[in-house]
Every structure is written in C-alpha cells, then in structure tokens.
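The values are calculated or read from the model by the stated rules, or taken from the named source; none is laboratory data. Quick caveat, the model's predicted, so the values are computed rather than measured. Ideal geometry is used to build each Cβ from the backbone, glycine not excepted, and the neighbour counts take in all protein chains shown. Each accessible area value is taken on the protein alone, full model and side chains, heavy atoms only, with ligands, DNA and RNA left out. Shrake-Rupley method; radii C 1.70, N 1.55, O 1.52, S 1.80 Å.
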Amino acid sequence: MTNDQEKNSRARSRTWPYPRHADFEKSLRETAKAWFTSKGYPKHDKYPYCLDTYDNWHHNIIDQKVVTFIKSDRLERKGNKGFPLHKYVHHGLSSQALLFNLLGPLVVDNNLDPLRKVLESHGVIWPGEDAEGKFEYENRDIFNEDSGQPTSIDFMIQDSAGEPKIFIESKLVEKEFGACSVFKNGDCEGRSPVGDFHQCYLHHIGRKYWTLLEKNGFLDGPLGSEKTCIFASHYQFFREVLFALEMSGTFVLLSDERSPTFFCTSKDEKIKRGLMPFLCDLVPEKLRHRIVSITIQEVVHAIEETGTSEWVKDFKVKYGLKR
C-alpha cells in the first residue's frame, strides 16, 4: 500500500457513518477507573479499570446489601444448582456485576416494579403479582446437558405458578453473543449439519440444540439452506432463545444503548443494523414477539421515576451515564 493509499483509507475511516465499539469501551474503561479511584479501592496495576484481585469482587458492587444477598444466595444454592460468579466479576466492565448493580437492589427490596414497567412497555406479559427474580438460572433437562457447564440465564422472573417466565441476558461491552467452543477449538469446520445432525459433535453427544431448532421451525427458513453453521458465531443467542421458548417464556436482551454491537444506527439515522435485527430475522416470524430488547438506560430512568433510590446516582457515575 502506498503512502497516498494509506492516507486515503485513514481519511475514509473517519467518514464511517456508524459508531465504533472501541470508542464505547474506552469511555467505560475510563469511568470504571475513575470510580474505583474515587472509592479508594485497589486497582490492577496493568488494567486500572479492574480491581486488583478476584477476591475483591464485592468492591465492584455498589449496594453492600446486594453483596450480602449474593453471598447468602450462593451458600443456599451450593451443590447441583450452583450460582457461579463469573471469572471476571471483579472487572469494572463485567456484565454480571452490572446486572447485580442494576437489578440486585430491586431484588433485595422486593420491588421489581421499575423493571416491570419497562418490560410491559415492550409488550412483555408480566407474571403474577408475586413474581420474583432469580440470578443465574439453569435447567439441564432442556437441552439434555447432563455434564459440563449447562446453559445459564443471567436473570429469570416467574411467579409462584411458574408461568409465564421472563429470561434476561445482560450485555455491556461484549462484542458478540458467545460462539460455539467446538468450532473455536478447531474441532469443527463450521459447516451446517442440516440434513445430518450427527455431523455436529454436540448433537452426537446428546445435546438437543438442532432438534429443537427443527421443532420450532427455525430450519424452515433461511437457516435450513445456510451452508455455515449458525452456532459457530451465534451459539449463545439461539441456545438462550430456544431455552426461553421451551419454557414458555420470553427472551430479553438487556444492553447499553451506546453499544453499536447489538443495535447500531447511522449518523443520519436512516440505516439501522446490529446483531439483534440480523439474528431476529433468522427467527420464525411467529416467534419474534417472544424476543425483546431493553436498555440499561430505560431501566435506570424507570427506577429514577420512583424517586426513592439513592444508589442509582452512584450507578450512573460508575457506568458513565448522562446525568
């Protein structure tokens, strides 16, 4: 590439009409660093937007009543039910810590009304008045995940009758939905196994992902003729959507409106793109109403409208939200 060509490409890069994820993540790293500094918490030497060690994860949680709740809930659910704290929960940009910080106080105070308001505004049917929220929900039977780490949903809402259920996946700076580890590990060429599910290692060992895609009509559309395996890059999205469908529930993505990954609009606001519009187009039309997206900002605004939550002010500082 000549110097003139390099200059030309750099100039063109500045005219790209969509926001860049790197800019979004950089701003969050700066606010996380500033928040830890303001609290006097020890930071990682190389990555100051992280706490110094995993053991100090509790400093990443704003409301200490939520820390007490997490510790207590983990003790109660030891054994088969689990309740894993993610490997990077001490990271200032951890989506699990974000969810604890945003929904944890609502769970502790037994007041999910702000979240209910947001979800109902998007057409989601709320369970009964006794509805409760649970972090890190799993059910090995859905996909026959009899060994290893099963599909885990960040947050689940249900009432005493058990239906309907709402399953929430939290994302902050993630650049994707999780990909298939078999493909990532080099044990699969990424070819779609439609026509012969046994070409998929996961199907071979008994997982029901492909049979449930077929059952729910996903393979009657574009996925039925797609040559590349949709799980290779978008494994988590389809797995969690199927999980919600099989449990007669609704899948909800909770993300930051500033992230260009899941929703992205051009500067002139004429073209909308992102992972969610793309992936939802691959879902049978009759099921798309069971997939909903809400933003962190919407939930924060709904909480602020109650006028009773001082911790929200700290939340907005920690995550660089507009005042």
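So the values come out like this:
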| quantity | calculated |
| --- | --- |
| Those helices (runs of 4 or more DSSP H) lying entirely in region 13-126 with at least 2 residues within 30 Å of K165 (Cα to Cα) | 64-76, 95-108, 113-121 |
| Matching helices (runs of 4 or more DSSP H) fully within region 191-257 where at least 1 residues are free of Cβ contacts under 8 Å to residues at least 40 places away in the same chain and out of contact with any helix residue (DSSP H, G or I) (no Cβ under 8 Å at 6 or more places or on another chain) | 209-215 |
| Conditions (1) surrounded by fewer than 19 Cβ atoms within 10 Å (Cβ to Cβ); (2) touching a Leu at 6+ places or on another chain (Cβ under 7 Å); (3) more than 29 Å from G190 (Cβ to Cβ); (4) aliphatic (A, V, I, L, M): number failed by L287 | (3) |
| So I157, is it hydrophobic (A, V, I, L, M, F, W, C), surrounded by 17 or more Cβ atoms within 10 Å (Cβ to Cβ) and assigned to a strand (DSSP E or B) | yes |
| Test for I303: is it surrounded by 18 or more Cβ atoms within 10 Å (Cβ to Cβ) and not in a helix (DSSP H, G or I) | no |
| I142 crowded, with 21+ Cβ neighbours inside 10 Å, at pLDDT 95 or above and either in contact with a Phe, Trp or Tyr (Cβ under 9 Å, 6 or more places away or on another chain) or closer than 30 Å to F24 by Cβ (or both) | no |
| Selection status of L103, buried (at least 21 other Cβ atoms within 10 Å of the Cβ) and either on the phi > 0 side of the Ramachandran plot or hydrophobic (A, V, I, L, M, F, W, C) (or both) | yes |
| From the options F263, F238, residue that is under 19 Å from the mean Cα position of the chain (by Cα) and open to solvent by 30 Å² or more (accessible area, probe 1.4 Å) | F263 |
| Residue within region 34-49 that is out of contact with any Lys or Arg (no Cβ under 9 Å at 6 or more places or on another chain), of a type in the set (V, I, T) and more than 15 Å from Q96 (Cα to Cα) present | no |
| Qualifying residue in region 119-128 (condition: open to solvent by 20 Å² or more (accessible area, probe 1.4 Å), of a type in the set (D, E, K, R), out of contact with any Ser or Thr (no Cβ under 8 Å at 6 or more places or on another chain) and without any contact (Cβ under 8 Å) to a residue 60 or more places away in the chain) | yes |
